[in-house]
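Worksheet: one structure, shown below.
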Amino acid sequence: MGDQPKGLFARYWAMLTTPAKTAMGGILVGGFIAGVVFWGGFNTALEVTNTEEFCISCHEMRDNVYQELKETIHYSNRSGVRATCPDCHVPKEWTYKIIRKIQASKEVWGKITGIVDTPEKFDAHRREMADREWARMKANDSRECRNCHDFQSMDYSEQGRRSVKQHQDALATGQKTCIDCHKGIAHQLPDMKGVEGWD
């Protein structure tokens, strides 16, 4: 028993007298701790910016599109299931989420520079912003819509004849995506002059 403290002391002394090993160990341990702190902080910040409260903290969103959303079935309905801003505008998969967050920096720039800081300015840019979002949704085959809506889960007996035909045709041909027909489902449409099928 008396030898154990001596052996421990000898190992500790050897570690202190070989600075290269100590430094490498310190770098590895410090790097690991810094990595955990960075990753935890990054993910926490990512999740905070992925809430409806964060989205509507800017008056441009709160006073414009959020008020429009509150008048739709995506906000209030008989089932009590509610879509929030991130449900429709931010992908759930991590890689796509990061790409979307980078793209959203243009929206932050609009906030900082006051491009859309009044209802009049917002309406003047509404078509440009809508076109950009519709193009994004078309390019990803309305991925965020499909988190909740799925052709195979639809009860066609609850839909009107026109809806049934459109949904079944879209399912059979695979040529249309949700946003092709459902523009303006949660927000007011901009001036649709020149948009195919909306003239």
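The values are calculated or read from the model by the stated rules, or taken from the named source; none is laboratory data. Here the structure is a predicted model, which means the values were calculated and not measured. When we count neighbours, we look across all protein chains shown, and the Cβ atoms used for this are built from the backbone with ideal geometry, even at glycine.
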*Taking TYR156 and the conditions (1) at pLDDT below 90; (2) of a type in the set (Ser, Thr, Tyr); (3) within 23 Å of GLU60 (Cβ to Cβ); (4) touching a helix residue (DSSP H, G or I) at 6+ places or on another chain (Cβ under 9 Å), which numbered condition does it fall short on, given that it satisfies the others?*
(3)
*asked:* Quick check on region 142-159. Is at least one of its residues out of contact with any His (no Cβ under 9 Å at 6 or more places or on another chain), closer than 21 Å to THR51 by Cβ and either free of Cβ contacts under 8 Å to residues at least 60 places away in the same chain or in a helix (DSSP H, G or I) (or both)?
replied: yes
*Determine the pairs where a residue that is surrounded by 10 or more Cβ atoms within 10 Å (Cβ to Cβ) and aliphatic (A, V, I, L, M), located within region 8-19, has a partner that is modelled with pLDDT of 70 or more and assigned to a helix (DSSP H, G or I) with Cβ atoms under 9 Å apart, the partner being 6 or more residues away or on another chain.*
MET15/GLY25
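What number of residues in region 65-107 are of a type in the set (Val, Ile, Thr) and under 18 Å from ARG127 (Cα atoms)?
Here is the first cut: in region 65-107, the ones of a type in the set (Val, Ile, Thr) are 65, 72-73, 81, 84, 90, 95, 98-99, 102.
This time we only want the ones that are under 18 Å from ARG127 (Cα atoms), so: 65.
Summing the residues that are of a type in the set (Val, Ile, Thr) and under 18 Å from ARG127 (Cα atoms) in region 65-107 gives 1.
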*Considering each of GLU71, GLU52, GLU60 in turn, give the residue that is under 25 Å from TRP134 (Cβ atoms), within 24 Å of the chain's Cα centre (by Cα) and in contact (Cβ under 8 Å) with a residue 40 or more places away in the chain.*
GLU60
*Restricting attention to region 116-141, and to residues there that are in a loop (DSSP other than H, G, I, E, B) and in contact (Cβ under 8 Å) with a residue 24 or more places away in the chain, which single residue is farthest from PRO91 (Cα to Cα)?*
ASP117
*Output the residues belonging to region 170-197 that are over 19 Å from GLU144 (Cα atoms) and either touching a strand residue (DSSP E or B) at 6+ places or on another chain (Cβ under 6 Å) or exposed (fewer than 12 other Cβ atoms within 10 Å of the Cβ) (or both).*
ALA172, THR173, ASP191, LYS193, GLY194, GLU196, GLY197
